[in-house]
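These notes are about the structure you will find just below.
The values are calculated or read from the model by the stated rules, or taken from the named source; none is laboratory data. Bear in mind that the values here come from a model prediction, so they are computed numbers and not experimental data. A quick note on method: Cβ atoms are made from the backbone with ideal geometry, for glycine too, and the neighbour counts reach across all protein chains shown. All accessible areas refer to the heavy atoms of the entire protein, side chains included, with ligands and DNA or RNA removed. Shrake-Rupley method; radii C 1.70, N 1.55, O 1.52, S 1.80 Å.
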Amino acid sequence: MSVLKIVGGRRLSGSVRVQGAKNSALPMLAASVMTEGISVLRNCPALSDVETTLEILRHVGCRVYRDGDAVYVDASGPISPEVPDELMRRMRSSVIFLGALLARCGEAALSLPGGCELGPRPVDLHLLALRALGAEITEAAGRLCCRAGRLRGGHIDLPAVSVGATENAMLAACLAEGTTVITGAAREPEIQDLQAFLRAAGALVSGAGSGVIRIRGVEKLRGAEHRIIPDRIAAATWLAACASAGGSVRLYDADPGRCGPILQVLRRMGCSVSTGEGLITLERRGGLVSPRSVVTRPYPGFPTDAQPPLMAAALRARGTTVMIETIFEARYRHVPALRRMGADVRTEGKTAVIRGVERLRGTETAAADLRGGAALAVAALAAEGETVLGGLQHVDRGYEDLAGTLAALGAEVIRI
Ligand code: UD1
């Protein structure tokens, strides 16, 4: 089992390239199974969640290989509609294969995705969307069996905002007969990115980025080439790291236009933030002040995935910060470890109240989930002494090289 050893107190300085977006790569790789050709995804991050997705693709019959940051998926051969339990359980977002396989094969059999690290994460909205397109779905012993023959376009009205359900609905509708209108769609940039990939593959889809997505089904999709957008949550993490440790960082291959709410919070904390084409720079010289209140919301609101690293940056900010988490129920699992580091954070239900402290101290701890793990690393950069951080399998799901990136910025961190 590897751990990170982080000795706090060093200011950060330097440049970091922002990796491609995990939350674009996963649905796009699933979508590639619907094409009858070879797709190329550039800027595809090297993450364990991406590896799991590639294993699923191989299992269902695709030929897959990676060349640098490009992943090639050849889905021109026969495709099996079944995903084994073991692969489904490794990663929640594997549920996106439901719409993709149903569209390609007319049927799909997979288990309910495992793990509920952020609290209950039901799939009712995914099933509602696919049923609206004519899928018959039965559930037995934790396994979902879906049949449709060819799906029929229809009206899918999502009663709550769900990124994954919107994506599943989009994928399924692309190969359905007739027109589909999705209302109540999530508006995340990664959904726009998925639309761009699907259009390159020949799908007739428009409206992503708004609450209404329209899709005219086509008979077939072809292999497509696409460059994945930058990961706004990885960007938020490097910026939070610099806010926490002090110093200055420059992010390139970033997308500042899609990081607005994150940059606003960092500015309210007293950081100087400037942006340019593909660039974000952040400088923190003096002490931090509390950003006062931060409420997570679906895009274009402040993203729930950026809440843990930004909370970690706010631990030593002067004043009181109130965070309200409106998306997931169990998104404060990093808080007990932050308290052991000397932070003054109290949570009740959706609310966390952070009172700035003068000092944090290093501790031995472990990540309980992906972004919570990043938060512990961000806090450790500002702590006195050494932090030993385990549970890195969670962190590896979403960061190409957390230790290497922080070390390149001058942090004292090694992975052993
Ligand atoms: C995606 C992101 C994740 C991000 C989240 C919210 C990917 C791979 N993951 O996750 O990083 O934190 O969006 O921005 O893109 N819900 C239901 N029923 C459903 C589906 C969801 O009640 O059928 C609820 C969830 O429990 C949660 C809320 O809806 O409370 C939002 O979840 P959703 O947007 O679906 O998140 P994911 O797509 O799983």
Taking P261 and the conditions (1) in contact with a Gly (Cβ under 7 Å, 6 or more places away or on another chain); (2) assigned to a loop (DSSP other than H, G, I, E, B); (3) not acidic (D, E), which numbered condition does it fall short on, given that it satisfies the others? (2)
Of everything in the range 201-217, what is under 23 Å from the mean Cα position of the chain (by Cα) and of a type in the set (K, R)? Give them in sequence order. none
Criterion violated by G410 - all others in (1) open to solvent by 10 Å² or more (accessible area, probe 1.4 Å); (2) touching an Asp or Glu at 6+ places or on another chain (Cβ under 8 Å) satisfied: (2)
Got a sec? Which strands (runs of 3 or more DSSP E) wholly within the range 269-314 have at least 2 residues that are away from the ligand (no atom under 16 Å from the Cβ) and charged (D, E, K, R)? 279-284
Boolean, R216 is within 23 Å of A135 (Cα to Cα), open to solvent by 10 Å² or more (accessible area, probe 1.4 Å), out of contact with any Phe, Trp or Tyr (no Cβ under 7 Å at 6 or more places or on another chain) and in the same structural domain as G99 (by TED's automatic domain parsing): yes
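Okay, residues lined up against (1) part of a loop (DSSP other than H, G, I, E, B); (2) touching a residue at least 60 places away in the same chain (Cβ under 8 Å); (3) crowded, with 16+ Cβ neighbours inside 10 Å; (4) assigned by TED's automatic domain parsing to the domain that holds A108:
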| position | (1), (2), (3), (4) |
| --- | --- |
| P27 | no, yes, yes, yes |
| S39 | no, yes, yes, yes |
| I56 | no, no, yes, yes |
| R66 | no, no, no, yes |
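A quick yes/no check of all residues on (1) in contact (Cβ under 8 Å) with a residue 40 or more places away in the chain; (2) over 23 Å from the mean Cα position of the chain (by Cα):
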site: V161; (1), (2): yes, no
site: A165; (1), (2): yes, no
site: N168; (1), (2): yes, no
site: L171; (1), (2): yes, no
site: T179; (1), (2): no, yes
site: I182; (1), (2): yes, no
site: E188; (1), (2): yes, no
site: Q195; (1), (2): no, no
site: R199; (1), (2): no, no
Enumeration of residues in the range 372-388 that are closer than 29 Å to S94 by Cβ and touching a Lys or Arg at 6+ places or on another chain (Cβ under 8 Å): G372
Just wondering, is there one or more residues in the range 138-151 that are closer than 27 Å to V212 by Cα and among the β-branched types (V, I, T)? no
List the residue pairs whose Cβ atoms are under 8 Å apart, where the first residue sits in the range 338-352 and is free of Cβ contacts under 8 Å to residues at least 12 places away in the same chain, the second is in a strand (DSSP E or B) and open to solvent by less than 50 Å² (accessible area, probe 1.4 Å), and the two are 6 or more positions apart or on different chains. R339/V345; R346/A352; R346/V353
Of the numbered conditions (1) open to solvent by less than 50 Å² (accessible area, probe 1.4 Å); (2) in contact with a Ser or Thr (Cβ under 9 Å, 6 or more places away or on another chain); (3) at positive phi, A141 satisfies every one except a single condition; which is it? (1)
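Please verify whether T321 is in contact (Cβ under 8 Å) with a residue 12 or more places away in the chain and within 16 Å of the ligand (Cβ to nearest atom), treating the condition exactly as stated. First the steps, then the outcome.
Details: in contact (Cβ under 8 Å) with a residue 12 or more places away in the chain: yes; within 16 Å of the ligand (Cβ to nearest atom): no.
So T321 fails the test.
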